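Here the structure comes first, spelled out in C-alpha cells, and everything after it is commentary.
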Amino acid sequence: MRHKLHASNPVIVRKSAKLTGSCALLAAFLLIFFAVITPGFSQNGQNVRLEIHGLSKSLEQQVLAHVDEIPAIALADIPTFTEKLQNTAAKSLQAIGYYQSQVTAKHASYKSDSAIALYVDAGAPARLRTIEINLSSNDDELDEFNREVRALGLEKGKIFDHGTYEQAKATLLKTAQFLGYFDAKFTRSQVLITKKDNSADVFIDFDIGKRYSINQVVYKQDLYAKNFLQRWQTFEATVPYRASYVRELTVNLQNSGYFKKVRVVPDLLLATNHQLPLIVDLEPATENSVGIGLGFATDTGARLKSNWLRPHTNRHGHVVESNGSVSRLRQDLSLSYRVPQHRNPAHNSYSLDIGLLNKKTDDTYSQLRTLEASEHRLTKNNWRRDIFLRIENERFDVGETKDKINLLLPGIGFSRVKSSGGVHPEKGQFFSFQVMAARRDFFSDINMSRVSAAAKWLTSWNKKHYLITRAELGALNTDSFTRVPTTHRFFAGGDSSVRGYSYQQISPRNDDDEATGGQFLTTASIEYNRYFTEKFAIAAFVDAGRAFNDSDDPTRIGVGLGLRWRSPVGPLRIDLAHGIDDNNSPYRVHFTIGPEL
C-alpha cells in the first residue's frame, strides 16, 4: 500500500520577460530563500511516498499511526531518514506485543518522484504467560477492587498490549480515587518480555492503603438554612467516601434552581485520621428571575408568555412563581407558592396555586377562577403523582346555556415522560392519567366525575425514519350535563387533536349548529416522518377522533402532509390537512412549535 509522506511542493520558476538590474538580483535572492526554508524542497523536485509490504491492515495502521507524524524531509536526507523509519516501525509493533519483527527499507528514485518501501515481517507476538496482581490494604472490603481486576482485560494467552497494560494500571488508580483510597500507590509494576518463547509476564503490586470517610459537609453560604441544604444530599453526614456522592450532590444543587454556581470538593488538607470534610461552595441564583417568550399555533394564533420566579423567599427554600400568557382565544394568569419536601426536594413539593383563565372559541366562552392545594411527588418508578384539592368558580356560555358553577374537586393525576436523544428524541413515551370528582353534598353545585388519559409513543430507525403515535380518552359522568362547565366537557379537532378540523369543532352540536361539548372523547393518530437532511423532514399522517354523547356519533378522520424543521428554538411543524368526512371542509394549515413529547 502506498502512502505519501508530508513534503512541500517543489518551487516552479516560470519563464517570463528578461530581468535586469535590481529585479534580477531580487529574483535570485527569493529563489535561494525559498530553497532554504522549504523543508521538502529537493534538487530534482521529487516527492517522497511510502510503501508498506507484508503486514495485515490492522498492523499496517499501527505503523502508520507513528510514521505519519514524521515531518517533511528533503530528499538529500533520505538515507538517514530511512534508518530512523525502520526503528520507528519496529517500536510501533513492540507497543502491541510484536517484539520479533524484522524491518528492512529500500529507497528508489524515479523520474517524477521517490519512494521508500518498508518490508516488514511482524513475527510471532508475545502472549501473556503470567499475570500477578497483588492488592494490599488495611481494609477488609475489597470486593469492588476485585471486580475491577477481573475486568482489566489482562488474560493469559492473549497478545500482550502495552496500551491495555497501562489502561489496567490507570483503572486501578481511578477506582482507588473513586472509593476514597487517596494514598494508593504502586509498589511494583513490571512487564518481563522473554523473546525466546514469545511470552510476557506482568507483575503489579498495588498498595491501596486505608479508605477515607466523609465526616462533615461544609456549606459555604449564608442564605439558606443548613437543614434545607442537607435535603439535597443522597448520603449521611458520616459515610465512607465515594466520588458518586460528590457528583450527585453537585448535580442536585445545580438542578435545584437555587444556585448559579456549585462546587463540591473533598478537602484532603483538612483530613485527620482518614476523615475529611466535603467543602460546598455555593453562589445563589439571582433574587428574581423574569422570562418572556413568544409562540404561535394555528388554533390560538400568536401567544405571549411571561414568567417570574423568586427562589429566595426564605431560608427554607420556599419559592414564589407567577406565569401568564395571552393569545387570541386564551388569557391566563397564575400565582404559585411552593414548599419543597424533606425527601427528594428536586421533585417532591407542596404547593398552593391561584389561577385566572379566560377562554373563548367560536361557540363557547368561559371565565374560570381556581384555588388549589396540591402535593407533587416522584414515585420510585419515575411517575409524577399529583394529589390535589381544587376550588373552581366558572362562568360559562355554551350553546343556549349560560351559568355559574362552584365546584370542590379532589383528584389525583399521574404522568411520565421517558425519552432518549436529547432535544430531538429518537425514542420516547408519554403517559398521563387524571381523575377528579365533585358532589353536591360536598360543597359543589352538581354531581360530576371525570376521567381522562393520554399517551404518545415515538420510535425511529436509521436516524431518518420516525413513527409517532398518540391516543386520548375521556369520560364524564354526571346527572346534570347541561350545567357542566365548558372546561370539563370534551371537544376534539385542531393542531394537537384531529387535524383538518377547526379547534374544538368536533363535538355534539345544537339546533343552531354550535359545538356544545361531549361526555366522552376518543382520538388517535399515526404519523410518519422521513428526514431528507439532518434538520428537515416530510411527514404524512392520519388522525381520527370524536367527542360525543351517543355511541352512534360518527368518528371524524383527517389526513395530510407536513414539513418538519429542527429549528434553533425547537421543533417546528407545518401541516396541510383535510377532513375527509366533510366534503365541504377546506384544506387547513396547522402550524406548531414545541417538543415532540
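What follows is calculated from the coordinates using simple rules that are stated; it is not laboratory data. Please read these numbers as outputs of a predicted model, since none were measured by experiment. Positions of Cβ are generated from backbone atoms using ideal geometry, with glycine treated the same way; all protein chains shown enter the neighbour counts.
Between Leu467 and Glu83, what is the label-point separation in nm under the 7 Å Cα-to-beta-carbon projection?
A separation of 6.8 nm, rounded to one decimal place.
Go ahead and collect, in residue order, the members of segment 93-125 whose backbone nitrogen is under 18 Å from a label point 7 Å along the Cα-Cβ direction of Glu132.
none
As an exercise, identify the GluC sites (Glu not before Pro) in segment 398-498 lying in DSSP coil whose Cβ has no more than 15 other Cβ atoms within 10 Å.
Within segment 398-498, the qualifying GluC sites (Glu not before Pro) (loop, at most 15 other Cβ atoms within 10 Å) are Glu400, Glu426.
Where the centre of each part is set by its Cα atoms, how far does segment 417-452 sit from segment 149-170, in angstrom?
53 Å
Which Rg and Dmax, in Å, describe the Cα atoms of segment 213-284?
11.6, 36
Give the average over all directions of the projected area of the C-alpha convex hull of the chain, one decimal, in nm².
With every direction weighted equally, the projected area is 46.1 nm².
What FRET efficiency would be calculated for the residue pair Arg328, Leu371, taking the C-beta separation as r and a Förster radius of 35 Å, to the nearest 0.05?
0.85
Please list, in order, the residues from segment 80-111 whose amide nitrogen is less than 14 Å from a point placed 7 Å along the Cα→Cβ vector of Asp201.
none
Between Ala475 and Arg384, what FRET efficiency comes out of the Förster formula 1/(1 + (r/R0)^6) with R0 = 22 Å and r the beta carbon distance, rounded to 0.05?
0.50
Can you give me the orientation-averaged projected area of the convex hull built on the Cα atoms of segment 289-593, in nm²?
Hull-based average projected area comes out at 17.3 nm².
Put +1 on the Cβ of every Lys and Arg and -1 on every Asp and Glu Cβ in segment 259-354; which of Pro277, Leu335, Gly293 then has its Cα farthest towards the positive end of the dipole?
In segment 259-354, that residue is Gly293.
Could you give the semi-axes, largest first, of the ellipsoid that matches segment 294-367, computed as the square roots of 5 times the alpha carbon gyration tensor eigenvalues and rounded to whole Å?
Output for segment 294-367: semi-axes of 31, 13, 11 Å.
Provide the net charge surrounding Arg384, with neighbours chosen by a C-beta distance below 14 Å and charges set as Lys +1, Arg +1, Asp -1, Glu -1.
+3
Could you check the spin-label model distance between Asn255 and Asp121? Points 7 Å from the Cα along Cα→Cβ, value in nm.
The modelled label-to-label distance comes out at 6.1 nm.
With just the Cα atoms defining each centre, how far is segment 485-504 from segment 267-291? Give it in Å.
Between the Cα centres of segment 485-504 and segment 267-291 lies a distance of 51 Å.
Taking Cα pairs under 8 Å and at least six residues apart, what relative contact order does the chain come out at, in percent?
6 percent
Per-residue HN-Hα couplings for segment 339-345, Karplus 6.51 cos²θ - 1.76 cosθ + 1.60 at θ = phi - 60°, whole Hz, x for Gly and Pro?
Values per residue, Gly and Pro as x: 10, x, 7, 5, 9, 6, x Hz.
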